[in-house]
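The values are calculated or read from the model by the stated rules, or taken from the named source; none is laboratory data. Keep in mind that this is a model prediction, so the values were computed, not measured. Reconstructed Cβ throughout: ideal geometry from the backbone, glycine too, with neighbour counts over all protein chains shown.
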Amino acid sequence: MRWARPASEFHRVTNSMLYDTSNIFAKIIRGEIPAVKVLEDERCIAFMDIMPWSDGHTLVIPKVQAMGLFDAPPDALAALIKQTQIVARAVNAAFQPDGLRLVQNNSPGAGQTVFHLHFHIVPCYNDVPLRLGNAVMANLAVLQEHAQRIRNALT
Ligand code: 5GP
């Protein structure tokens, strides 16, 4: 049965694609490109999305090589959702949105563009449409200020 394959294969294959170690989030994990980080531990990193759908849009990624939900080791998923809850609470406290959406895309058909597992933490504000499909590159100083607000709200 598909779900019974050895754990050693879980991080290798999703929809016939192989994990590409040169993807942009793998480079952030290795410190090869910068990110505006809000929280990092030995298992996960949370950082500001460079093209935010709304103010406070934050991404959380595990440090394991997984493309998405299907190939992620369960213990990495557990660590990821725990850090996502911590960061989401801080985003909520910092930005006080009207709601907060959690998004996790699997495969291009669902809109995935970076093939390393990630949760989007997306604050939603009444009367401010999400910039879905029309997001633009954020100003770095603004992203840094938003990240600082989230860090300040981490408990
Ligand atoms: P996906 O479409 O795969 O669910 O989401 C990928 C997200 O990664 C997008 O929202 C996009 O703006 C963000 N992103 C792409 N490249 C970078 C980058 O180099 N740095 C950061 N911080 N975010 C990125």
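Residues in region 39-62 that are farther than 14 Å from ALA138 by Cβ and either near the ligand (Cβ under 7 Å from one of its atoms) or surrounded by 22 or more Cβ atoms within 10 Å (Cβ to Cβ) (or both): CYS44, ALA46, VAL60, ILE61, PRO62.
Of the residues contained in region 95-104, one or more are found to be more than 26 Å from ARG30 (Cβ to Cβ) and small (Gly, Ala, Ser). Can you confirm whether region 93-114 contains a residue that is outside any strand (DSSP E or B), touching a Pro at 6+ places or on another chain (Cβ under 9 Å) and on the phi > 0 side of the Ramachandran plot? Looking through region 93-114, at least one residue is outside any strand (DSSP E or B), touching a Pro at 6+ places or on another chain (Cβ under 9 Å) and on the phi > 0 side of the Ramachandran plot.
Scanning region 83-95 for residues that are more than 14 Å from PHE47 (Cα to Cα) and touching a strand residue (DSSP E or B) at 6+ places or on another chain (Cβ under 8 Å) returns ASN92, PHE95. Residues in region 112-136 that are crowded, with 17+ Cβ neighbours inside 10 Å and within 17 Å of ASP55 (Cβ to Cβ): HIS120, ILE121, VAL122, PRO123, LEU130. Do you know which of the residues in region 88-111 that are surrounded by fewer than 17 Cβ atoms within 10 Å (Cβ to Cβ) and in contact (Cβ under 8 Å) with a residue 40 or more places away in the chain is nearest to the ligand (Cβ to nearest atom)? Top of the filtered list is SER107.
Only a single item in (1) near the ligand (Cβ under 10 Å from one of its atoms); (2) at pLDDT 95 or above; (3) farther than 21 Å from LYS63 by Cα; (4) part of a loop (DSSP other than H, G, I, E, B) is not met by LEU143, and it is number (4).
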